[in-house]
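Colleague: I'd like to ask some things about the structure below.
The values are calculated or read from the model by the stated rules, or taken from the named source; none is laboratory data. Here the structure is a predicted model, which is why all the values come from computation and not from measurement. Here the Cβ positions follow ideal geometry from the backbone for every residue, glycine too, while neighbour counts run over all protein chains shown. Ligands, DNA and RNA are stripped out before the accessible areas are found, and what is left, the full protein with its side chains, is counted by its heavy atoms. Shrake-Rupley method; radii C 1.70, N 1.55, O 1.52, S 1.80 Å.
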Amino acid sequence: MSLVRRRKVPENERTQVPDPNPDGNEKDKKIIDNKNEIQKSQKQQSKWNCVDSCCWFIGCTCVVWWVLLFLYNMMPSSFPQYMTEVITGPMPDPPGVKLQKEGLKAKHPVVFVPGIVTAGLELWEGHHCADGLFRKRLWGGTFGEVYKRPLCWVEHMSLDNETGLDPPGIRVRPVTGLVAADYFAPGYFVWAVLIANLARIGYEEKTMHMASYDWRLSFQNTEVRDKSLSRIKSNIELMVATNGGNKAVIIPHSMGVLYFLHFMKWVEAPAPMGGGGGPDWCAKHIRTVVNIGGPFLGVPKAVSGLFSAEARDIAVARAIAPGVLDTDLFHIQTLQHIMKMTRTWDSTMSMIPKGGDAIWGGLDWSPEEGYVPSKRRQRNNVTNEDEKIESKVKRVNYGRIISFGKDVAEAHSSEIERIDFRDAVKGSNVANHTCRDVWTEYHDMGFGGIKAIAEYKTYTAGDILDLLQFVAPKMMERGSAHFSYGIADNLEDPKYQHYKYWSNPLETMLPNAPDMEIFSMYGVGIPTERAYVYRLTPAAECYIPFQIDTSADDEGRCLKDGVFTIDGDETVPVLSAGFMNAKGWRGKTRFNPSGIPTYIREYDHAPPSSLLEGRGTQSGAHVDIMGNFALIEDIMRIAAGAKGEELGGDLVYSDIFKWSEKIKLPL
Amino acid sequence: MLRFRKLCFLEPVKCIELSEKKTQIKLDDEKKSFDIPKIEKKDKGSPEENKRKRRPNKEWRCIDSCCWAIGYICTIWWLLLFLYNCLPVNLPGLKVPEPPGTRLKREGLTALHPIVMVPGIVTGGLELWEGRPCSEGLFRRRLWGGSFTEIFRRPMCWLEHISLDNETGLDPPGIRVRAVPGLVAADYFAPGYFVWAILIENLARIGYEGKNMYMAAYDWRLSFQNTEVRDQNLSRLKSKIELMYVTNGNKKVVVVPHSMGVIYFLHFLKWVEAPPPMGGGGGPGWCAKHIKSIMNIGPAFLGVPKAVGNILSAETQDVAFIRALAPGLLDSKILGLRTLQHVMSVSRTWDSVISLIPKGGETIWGNLEWSPEEHHVCDSAKKNYQQNFDINGNSSDSGRLFQVQQKPTKYGRIISFGKIVSDLPSSQLQTLDSKKQELMCNNSSSNSDSSCRGVWTEYDEMSQENIQRLAKNKAYTMKTLLDLLRVIAPKMMKRAESHFSHGIAENLDNPKYNHYKYWSNPLETKLPDAPDMEIYCSYGVGIPTERSYVYKQSPSGRCNSIPFQIDSSADGSNNGCLKGGTYFVDGDESVPVLSAGFMCAKGWRGKTLFNPSGISTYIREYKHKAPANLLEGRGSESGAHVDIMGNVALIEDVLRVAAGASGTELGRDRIYSDIMKMSKKINIRL
């Protein structure tokens, strides 16, 4: 209205008072008119603009996006590779292409055994909150559900706390087929590169089998619930039969190594507990076991994982952004939930360090002592001797897997006052309803127990078991029915026929199959967690009472953020991956009565030179090693019929033989 | 798409800032443009100049408003999408019918017998394992099934990879395309187009999971025995069944084959008991020990007439096939490609298509004068009348009287050239047999023309006169049709006839029937000796199904290498069974009732020649009911060939059998069609 009125006013003026100077008046009027017009248009514009321009902008971005998408799709698929080659120089041929040119052909059927966390799990039956997720991946893939309905997800991923099997009304099952573990998340390969290369020399679905299993269960329970072991047996038998009697090459990775160790005992054991394959099943059906990054003797990471949920397998941490884990997102106590969930998974207990003090070292002794990180060692050799001596003096007590306080970790054993925690009264129950319904066994323990644990100061591999027993009695009760962590004195003892010993290489004999070969392939050159410095959490009520003391740092002693590191592949220390093949099974020993030849193949880690290379073709990291060209080439040669000797026997970069020598173990 | 959405959800903040700036600038511009005319007017500027100055402004607005419109649409789309995602799963107003699995679980059904699913033709996925350079980046991607994007992106490459070798019927050199394994192979054919998914979901509700369900995926392009030769599929199936039998407490297996999977499994039944070089060496008791029942869904036991049309002129493919590739694409010469010819040259390399050619010759499918379905009434009005007649309690005699008045349709003439021919009495017809020899001799001259691109169909090797002679005034029954096919596609038939046979056995004890080419023909094999086994024929009825065709010669002969075409102008017969050049009978849209039901209704009923141990057979028919509205999707009471896999009644039957019910507990036969009457008319020695 105001616009109209304003417009009218000058008109009235004009009619009422005729100006003697019409030109000037007209000019004035024009100016006024123009001004009005501008005002008008401004008003109109501003009315439109807010929504309008927003829409306009979205439209613009959409169009640009589509154009880019179109261009991207039009781009020949070799373009990215071409660009990389321009920047980084020519790439080596993938091993598949190279070996195809050499004339290698598919010969032995191949079985992949995936490790912990890398294989997918899907929902078959769930509670109401999981509606619409039938046969969708809960684990692996995009993990979209973690963000959409986190509590529901945790509920479905957990197992029953008493039985270690499905909770009532929930059925989560492993994904089957090669898709189970080719990619863990979109773009994050696990087996895909190896599969693609094997396909080049003629492998396909009928000669490759992914032995996927529910990696949350204890090994024997995968058979009880899903018949996974029977399935592997039947598949191997079928593949051997349909491939002209060529025996199978087994490629287990990470925890799959232990799983397959379990399988080899299971399959030859008589029927009620085992698979009833008879004493020569392995000799008849298996040609080679190529263990990749095998935690034969466990990983120290598992301890901290169970103790305070802090160090998990790489893949988990990468998949679920680490920030989410530590913050109180949505007021959910994320870490506690994770802990509660992982403690229901029996399989994590298969990775607790085995062999006790004899393998992992005591209070003042450890096989790796005197280890100097390779970078430093190289420099020392060339330049100054002093530092080398110094670093030798600063001995690291790797044997103390958990120490409370940095000074405790460094002090001599005689200086430490330890108060035994085993008989300590756990004290009153501090479980508090304000802590929500997240149940971790710490709530049952009370302050007394927590204090007692801290008072014991330092724990070796042998003590760790007692510690876990004390901290999580229910979990360990379940676990000890399925796993054992000792060293057998007399393997003939009939008790070793029980399945709980089958996955411990120090308590089982290898099958009687002298023609078989066992490889251990793993990466070296990456600092790997070996021992921890802990502290008590200040506010204990609702939280996990222990925490890695990230302030503890010492360059000279490989101590960083409260973790003592050692050579390895980021997850598995060299000792665990290599000891059995370097000493425990070398030649005819009591663990290897038929003298199965063993080989060690180490792959020195070289980080990818540029971002374009992705995860690198020379990586030695626990999972990334699956894309290591040298490893893939070795595997392909084995699959095409090569023997260990033809590959060049052992290939060692680390001090594994030296360290193995130091371990006193009757063989 | 996700990234896209995220981008745009994050954008608004930035967008508002930016757009404000932009509008500021725009305003300034406009101010200027308004200032300019002011100055110009002062200098007596002409209005034309004025206009010119304004034009860029207007043009700018055109793009502007375009962007605005797109933005507007996108925003609304996201809003709706967002609202849709916020929607609770069960709207109070929209009552979702309870899935049969849930209901039966409440009844107390639990998983008992392990289940083996055998998918049919075209519904199983195929993926690439090794290919030519043009297929780079497609390693282990689906070429068949899924979204079919590669057809549009590189059609020639796709065709090359999906074809088989024309001589051997196996892989062409340098190409390996393999069946997708596992349940994902055939749960959905394309995104949203279920095949087995609903059945799997319902089975899961009563406790089934990976360890007691198996999808016997195989490469459906190969002949059945070749799936064993190349991929060891039959061995794998045997080993899986044995494994499931053992690991599920020695419970026998329930097999659920669909469509072509039915005859594939028939082949398996013979293969598994045959001795090793050719068979699986399971011994004579294998089936009796491991199999509880076979629930054939939409079985193509005696073949489908559709397959003939497919081979002859590539014009009728399986339902799923047409739906996947939009029908318009097939007919038009899109991008200058002769789509139909390509489809023909590709599908002719697939041996499995031959397995679907009608079996049993004139005895089953009728001759020039007679056919078992001859009194079928298609017109829905008449049919309703007739049904009312029956329902109203009038004796069936009156119904029959009514029928007899109809002039019988000559379904026996599967291919007739011209509508008139399809109705002529047989005495006026020329038969092929008389000139067969002559035809074969003349074949040497070829009219293949290098200018016609590189699409090879065997028609190129035939002379125009021969084609004329084949077509002129002829009608072909099942017997002569095979001769016709041998003439027009000699290579394909030669390959195929070493793998399949389409006759009827006179004496089943003849040792020649030990050859694998007879194993998939129910009329030339004996069922295994397993008296405790049960065989179900479950199929949909109530949909017009192709039974015979009226053909004509294609107009232009030169580069159009397919000389025959269905005469879609032939329409309307006395009882409404002729439509678009095709005679219809009752069936499930792909398989006529006769093919699906005859074996269960007569061929295997009781102790017969083909069923020496007297395995009990049951017919379960499901009357088609089109979905009431769009919301129902493909309907829960459909009887169509593929959609029947979502039929609630069928799913319930499967679940009950899987949970241990026998045929008698299900209520034995359940029949809506005339299958019993039709079967009675067929004279076959049992």
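Colleague: State whether one or more residues within region B:618-629 are out of contact with any strand residue (DSSP E or B) (no Cβ under 6 Å at 6 or more places or on another chain), crowded, with 19+ Cβ neighbours inside 10 Å and over 30 Å from B:ASN683 (Cβ atoms).
Modeller: No, because not a single residue in region B:618-629 is out of contact with any strand residue (DSSP E or B) (no Cβ under 6 Å at 6 or more places or on another chain), crowded, with 19+ Cβ neighbours inside 10 Å and over 30 Å from B:ASN683 (Cβ atoms).
Colleague: Is it the case that some residue within region A:101-112 is open to solvent by less than 80 Å² (accessible area, probe 1.4 Å), at positive phi and modelled with pLDDT under 85?
Modeller: Scanning region A:101-112 turns up no residue that is open to solvent by less than 80 Å² (accessible area, probe 1.4 Å), at positive phi and modelled with pLDDT under 85.
Colleague: If I ask for residues that are closer than 22 Å to A:PRO573 by Cβ and open to solvent by 60 Å² or more (accessible area, probe 1.4 Å), which ones from region A:607-649 would you list?
Modeller: A:PRO607, A:GLN618
Colleague: Could you list, in sequence order, all residues of region B:122-147 that are assigned to a strand (DSSP E or B), within 11 Å of chain A (Cβ to nearest Cβ) and either closer than 30 Å to B:VAL262 by Cβ or out of contact with any strand residue (DSSP E or B) (no Cβ under 6 Å at 6 or more places or on another chain) (or both)? Write out each step before concluding.
Modeller: Looking only at region B:122-147, we keep the residues that are assigned to a strand (DSSP E or B), and these are B:126-130, B:142-144.
Now drop any that are not within 11 Å of chain A (Cβ to nearest Cβ), which leaves B:127-130.
If the condition is that a residue be assigned to a strand (DSSP E or B), within 11 Å of chain A (Cβ to nearest Cβ) and either closer than 30 Å to B:VAL262 by Cβ or out of contact with any strand residue (DSSP E or B) (no Cβ under 6 Å at 6 or more places or on another chain) (or both), then B:GLU127, B:LEU128, B:TRP129 are the ones that fit.
Colleague: Go over the candidates A:GLY120, A:GLY164 one by one and state the one that is at negative phi and away from chain B (no Cβ under 11 Å). Give the steps one after another, and end with the answer.
Modeller: Numbers: A:GLY164 fails: at negative phi.
Going through A:GLY120, A:GLY164 in turn, just one is at negative phi and away from chain B (no Cβ under 11 Å): A:GLY120.
Colleague: Of the residues B:LEU126, B:LEU170, B:LEU164, only one is in contact (Cβ under 8 Å) with a residue 40 or more places away in the chain, aliphatic (A, V, I, L, M) and open to solvent by 30 Å² or more (accessible area, probe 1.4 Å); which? Break it down stepwise before answering.
Modeller: Details: B:LEU126 fails: open to solvent by 30 Å² or more (accessible area, probe 1.4 Å); B:LEU164 fails: open to solvent by 30 Å² or more (accessible area, probe 1.4 Å).
The unique qualifying residue is B:LEU170.
Colleague: All but one of (1) more than 30 Å from B:ARG103 (Cβ to Cβ); (2) out of contact with any strand residue (DSSP E or B) (no Cβ under 8 Å at 6 or more places or on another chain); (3) modelled with pLDDT under 85 hold for B:GLU150; state the number of the condition that does not hold.
Modeller: With respect to (1) more than 30 Å from B:ARG103 (Cβ to Cβ); (2) out of contact with any strand residue (DSSP E or B) (no Cβ under 8 Å at 6 or more places or on another chain); (3) modelled with pLDDT under 85, B:GLU150 is out only on (2).
Colleague: Let me ask something additional. Mind listing just one residue for me: the one in region B:599-617 that is of a type outside the set (S, T, N, Q), touching a residue at least 40 places away in the same chain (Cβ under 8 Å) and touching a strand residue (DSSP E or B) at 6+ places or on another chain (Cβ under 9 Å) and, of those, nearest to B:HIS376 (Cα to Cα)? Spell out how you get there, then give the answer.
Modeller: Here is the first cut: in region B:599-617, the ones of a type outside the set (S, T, N, Q) are B:599-607, B:609-610, B:612, B:614-615.
From the residues that got through so far, the ones that are touching a residue at least 40 places away in the same chain (Cβ under 8 Å) too are B:599-604, B:609-610, B:612, B:614-615.
Still in the list and also touching a strand residue (DSSP E or B) at 6+ places or on another chain (Cβ under 9 Å): B:599-601, B:603-604, B:615.
On the way: B:MET599: 20, B:CYS600: 20, B:ALA601: 18, B:GLY603: 21, B:TRP604: 24, B:ILE615: 30 Å.
Restricting to residues being of a type outside the set (S, T, N, Q), touching a residue at least 40 places away in the same chain (Cβ under 8 Å) and touching a strand residue (DSSP E or B) at 6+ places or on another chain (Cβ under 9 Å), the top hit is B:ALA601.
Colleague: Would you point out which residue out of B:VAL184, B:VAL177, B:VAL195 is open to solvent by 20 Å² or more (accessible area, probe 1.4 Å), among the aliphatic types (A, V, I, L, M) and modelled with pLDDT of 85 or more?
Modeller: Going through B:VAL184, B:VAL177, B:VAL195 in turn, the sole match is B:VAL184.
Colleague: Identify the residue in region A:114-159 that is in a helix (DSSP H, G or I) and either among the β-branched types (Val, Ile, Thr) or touching a residue at least 60 places away in the same chain (Cβ under 8 Å) (or both) and, among all such residues, is most open to solvent (accessible area, probe 1.4 Å). It would help to see each step written out before you state the result.
Modeller: From region A:114-159, those in a helix (DSSP H, G or I) are A:128-130, A:144-148, A:150-157; that's our starting set.
So of that shortlist, the ones also either among the β-branched types (Val, Ile, Thr) or touching a residue at least 60 places away in the same chain (Cβ under 8 Å) (or both) come out as A:146, A:150-151, A:154, A:157.
On the way: A:VAL146: 24, A:PRO150: 38, A:LEU151: 94, A:VAL154: 27, A:MET157: 0 Å².
Among them, the one singled out is A:LEU151.
Colleague: Can I ask one more? Within region A:579-596, track down each residue that is farther than 14 Å from A:GLU507 by Cβ and either touching a helix residue (DSSP H, G or I) at 6+ places or on another chain (Cβ under 6 Å) or among the acidic types (Asp, Glu) (or both).
Modeller: Within region A:579-596, A:PHE579, A:ALA582, A:LYS583 qualify.
Colleague: Could you pull out every one of the helices (runs of 4 or more DSSP H) wholly within region B:624-686 that has 3 or more residues that are over 22 Å from B:GLY587 (Cβ atoms)?
Modeller: It comes to B:648-658, B:663-666.
Colleague: Name the residues in region B:84-114 that are modelled with pLDDT of 85 or more and of a type in the set (A, V, I, L, M), would you?
Modeller: Across region B:84-114, the qualifying residues are B:LEU104, B:LEU109, B:ALA111, B:LEU112.
Colleague: Here is a follow-up. Are any residues in region A:625-650 under 22 Å from A:VAL117 (Cβ atoms) and either without any contact (Cβ under 8 Å) to a residue 60 or more places away in the chain or outside any helix (DSSP H, G or I) (or both), and if so, which ones?
Modeller: A:ASN628
Colleague: Considering each of A:ARG173, A:ARG216, A:ARG225, A:ARG200 in turn, give the residue that is farther than 30 Å from A:LYS340 by Cα and touching a residue at least 12 places away in the same chain (Cβ under 8 Å). Can you show your working first?
Modeller: Details: A:ARG173 fails: farther than 30 Å from A:LYS340 by Cα; A:ARG216 fails: farther than 30 Å from A:LYS340 by Cα; A:ARG225 fails: farther than 30 Å from A:LYS340 by Cα.
After ruling out the rest, the residue left standing is A:ARG200.
Colleague: Would you pick out the residues in region A:167-189 that are away from chain B (no Cβ under 14 Å) and in a loop (DSSP other than H, G, I, E, B)?
Modeller: A:PRO167
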